[in-house]
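The values are calculated or read from the model by the stated rules, or taken from the named source; none is laboratory data. Being a predicted model, the structure only gives us computed values, none of them experimental. All Cβ positions, even for glycine, are placed from backbone atoms using ideal geometry, and neighbour counts span all protein chains on display.
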Amino acid sequence: MKGAMIAGACAILPVLAMDGTAEAQRAQAPVYVQQGVASWYGPGFHGRRTASGERFNQHDLTAAHKKLPLGTRVVVTNLRNGKSVEVEINDRGPYVRGRILDLSRAAAEQIDMKKSGVTPVRLEINEDNWRLSDRDS
């Protein structure tokens, strides 16, 4: 009888271990990925109201995206140099064809794209950084 109980417990252990590992992998894997061209904006918009209602501060790590929920935290990676920055989506845009994101001046500086003005990027959002906003419903 003891042998059967031990065998049964051993049969469950791999399933529990695999489930825990799979859960950990899901938690680390991004739930949203997008690649495209980013630009940056700053001085001309500094102090103006953003789509979220707050005042734009070019020195904060923020960004504008056309559709992502306001308040969502996004990791942006410059595909030319591999540098990354985490920003909060607090505005709408960019309104230039072919671009997917407008970064604040500070965020552009963090990933060394300020001088070039535009760069190819990868956006990643993890599940715990995804925010649903009442304003976007």
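Just so you know, in region 43-93 the residues that are under 20 Å from Glu127 (Cβ atoms) and hydroxyl-bearing (Ser, Thr, Tyr) include one that is surrounded by the fewest Cβ atoms within 10 Å (Cβ to Cβ), and it is Ser84.
Can you find even one residue in region 119-127 that is of a type in the set (D, E, K, R), over 21 Å from Ala29 (Cβ atoms) and either crowded, with 20+ Cβ neighbours inside 10 Å or at pLDDT 95 or above (or both)? No, every residue in region 119-127 fails to be of a type in the set (D, E, K, R), over 21 Å from Ala29 (Cβ atoms) and either crowded, with 20+ Cβ neighbours inside 10 Å or at pLDDT 95 or above (or both). Being free of Cβ contacts under 8 Å to residues at least 40 places away in the same chain and under 10 Å from the mean Cα position of the chain (by Cα): is that true of Glu127 here? Judged against the criteria, Glu127 is not a match.
Report yes if Asp102 is in contact with a Phe, Trp or Tyr (Cβ under 6 Å, 6 or more places away or on another chain) and either part of a strand (DSSP E or B) or surrounded by 13 or more Cβ atoms within 10 Å (Cβ to Cβ) (or both), otherwise no. Yes.
For region 94-102, state whether one or more residues are over 15 Å from Ile125 (Cα atoms) and not assigned by TED's automatic domain parsing to the domain that holds Glu127. Within region 94-102, not a single residue is over 15 Å from Ile125 (Cα atoms) and not assigned by TED's automatic domain parsing to the domain that holds Glu127.
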